[in-house]
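The values are calculated or read from the model by the stated rules, or taken from the named source; none is laboratory data. Bear in mind the structure is a predicted one, so any value in this text is a computation, not a measurement. So basically every Cβ, Gly included, is an ideal-geometry build from the backbone, and we count neighbours across all protein chains shown. For the accessible areas, the whole protein counts, side chains as well, though only heavy atoms, and no ligand, DNA or RNA atoms are used. Shrake-Rupley method; radii C 1.70, N 1.55, O 1.52, S 1.80 Å.
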Amino acid sequence: NSFDRPGQTGCGKAERVEIMAEQTLTESAVLDCLRDVRDPEIGRTLGELNMLKRATVGPEASASVEVELPTPAYPNRGRIVESVKTALSAALPQVGKVDVTFSSDVKGKNAGGAIGLKVRNIIAVGSGKGGVGKSTVAACLAFGLKSYGASVGLMDADVYGPSIPHMLGVEGARPAAVEMKNASGQTFQRIEPVESGGVKVISMGFFVEPDKAVVWRGPMLHRAITQFLSQTDWGELDYLVIDMPPGTGDVSLTLSQTVGLAGAVVVCTPQQVALLDAVKAISMFRQVNIPVLGIVENMSGDIFGRGGAKKKAEELGVPFLGEVPIEAAIRVKGDEGAIADLFADDSPARAPLRHVCERTAIEIARQFLETPTMPSLEIL
């Protein structure tokens, strides 16, 4: 046989196993036996999702596998680790220590190219009524995604009540105008966004005095939103979070006509009157063909109750992205202009806020990966 050659003594059982292991445990063999492992969030195999980046085989039959996630905010990565180890031990019993590492490549529509945006995912954060903490959730979503390592922008489209500058501690900032050149050598101007904690921010609050009201009709609102999107130097972003005005109306129409949103997050409080308005917001997003990523229940707790948004999400067939409890730290940090501090290790609000960020990010990835790619037609 292949182990006993003429003129040589036969090798022992232990040596034969070692030789066979060297022949069987290869990088390609490791990848092959992992292609059918199902991603616990998307529900499709790692092979179908192209999540297997590479594999290496080391000494003592050890194996190292790199899995590429569709978002750095992927929830509970340990489930993938366990699935990979189980599959390898079943298919390649001679494998020794298994090391699973992760990288990420944010998936998205890149739908702002028509107006010059280099943003993979645009997320609208809306509500059916005011006073439910929509701007707080939008700011937390932006800084939460940034805390995972994503590149993030935050656009305050609530032109009538721009509260984002105050929450971020950049009240009074004035964005600069920068001169740029296109490929033809023509010069044009762009708005340089304000930066707060690594998040790029633009808001109507930067352009009006704090005590001045914005009294605009629809066309002026449309123009302002379009300028914020197309004339701001956002650079390359994984996520652009847009804080919408409360209610239903012009801004949603403008966004649906200008860019392709990854989806909308609807914020509401647990009580029935807020849920009724949240239903209207979901209906509005659906009417203008903006996907609904899910519902966030804010101010969840004894005062307003708990669980109403989750129940309503189930009734409407939309994901429930999590609940944010009534927590004094959230109000205090918002008032102090220190929203980013809510993601510090010792913050009592960190866990529920990170949960909302993870569920939102994975829902974006799921909807993108489940949307079939349209065939392209070549015109001769």
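Restricting to Cα atoms and excluding each atom paired with itself, what does the Kirkwood estimate give for segment 39-83 in Å?
Final number for the Kirkwood radius of segment 39-83 is 11.6 Å.
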Subject >> Estimated D of segment 17-128 in µm² per second, where Rh is the Kirkwood radius over Cα pairs and Stokes-Einstein applies at 25 °C, 0.890 mPa s >> reply: 155
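With runs of 4+ DSSP H residues as the only contributors, calculate the mean residue ellipticity of the chain at 222 nm using -39,500 (n - 2.57) per run, divided by the residue total and rounded to the nearest 500.
-10500 deg cm²/dmol
Between beta-carbons, use under 9 Å as the cut-off and find the net charge around Arg190, counting Lys and Arg +1, Asp and Glu -1.
-3
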Original post:
Please state the Cα pair-distance histogram of segment 75-124 with 5 angstrom bins from zero: what percent is in each bin?
Top reply: 5, 15, 17, 12, 10, 10, 9, 9, 7, 5, 1
**OP:** With both partners inside the chain, how many of the DSSP beta bridges are antiparallel, as a percent to the nearest 5?
**Re:** 30
Subject >> Computed over segment 78-157, Kirkwood Rh from alpha-carbon pairs, angstrom >> reply: 16.5
Subject >> Whole-number accessible area per residue in Å² for the chain, which is evaluated in the context of all protein chains at 1.4 Å >> reply: 49
**OP:** Report, largest value first, the span of the C-alpha coordinates of segment 239-349 along each principal axis, in whole Å.
**Re:** 41, 29, 20
Original post:
Between the helical axis of 350-370 and the dominant principal axis of the chain, each derived from Cα atoms, what acute angle in degrees is found, rounded to the nearest 10?
Top reply: 70
Original post:
With +1 on each Lys and Arg Cβ and -1 on each Asp and Glu Cβ, how big is the dipole of the chain about its Cα centre, in debye rounded to the nearest 20?
Top reply: 680
Original post:
Using just the C-alpha positions of segment 91-218 as equal point scatterers, what log10 of I(q)/I(0) does the Debye formula give at each q in 0.14, 0.17, 0.18, 0.22 1/Å?
Top reply: -0.78, -1.07, -1.17, -1.45
Original post:
Taking the DSSP beta bridges in segment 90-210 as the whole, what percent of them are antiparallel, to the nearest 5?
Top reply: 65
Original post:
When the accessible area of the chain is computed with all protein chains present and a 1.4 Å probe, what percentage of it is carbon and sulfur?
Top reply: 50
Original post:
Over all directions, what mean area does the Cα convex hull of segment 231-295 project, stated in square nanometres?
Top reply: 4.9
**OP:** Using only alpha carbon pairs under 8 Å that are at least six residues apart, calculate the relative contact order of segment 43-199 and give it in whole percent.
**Re:** 15
Subject >> Top positive-direction residue, dipole computed over segment 34-180 with Cβ charges, set Val100, Ala177, Asn110 >> reply: Asn110
**OP:** On a 0 to 90° scale, report how tilted helix 134-147 is relative to the longest principal axis of the chain, with both axes built from alpha carbons and the result rounded to the nearest 10.
**Re:** 30
Original post:
Once segment 141-288 is represented by equal point scatterers at the alpha-carbon sites, with solvent omitted, what log10 I(q)/I(0) does the Debye formula produce at q = 0.09, 0.11, 0.15 Å⁻¹?
Top reply: -0.31, -0.46, -0.87
Subject >> Cα pair distances exceeding 27 angstrom across the chain, given as percent >> reply: 55
Subject >> Filter on Lys53/Lys146; Lys310/Lys333; Lys107/Lys129; Lys118/Lys310 - keep pairs with C-alpha separation over 28 Å >> reply: Lys107/Lys129; Lys118/Lys310
Original post:
Which aspartates and glutamates have a Cα less than 16 Å from the Cα of Lys200, not counting those fewer than 8 places away in the same chain?
Top reply: Asp156, Glu171, Glu192, Asp233, Glu236, Asp238, Asp243
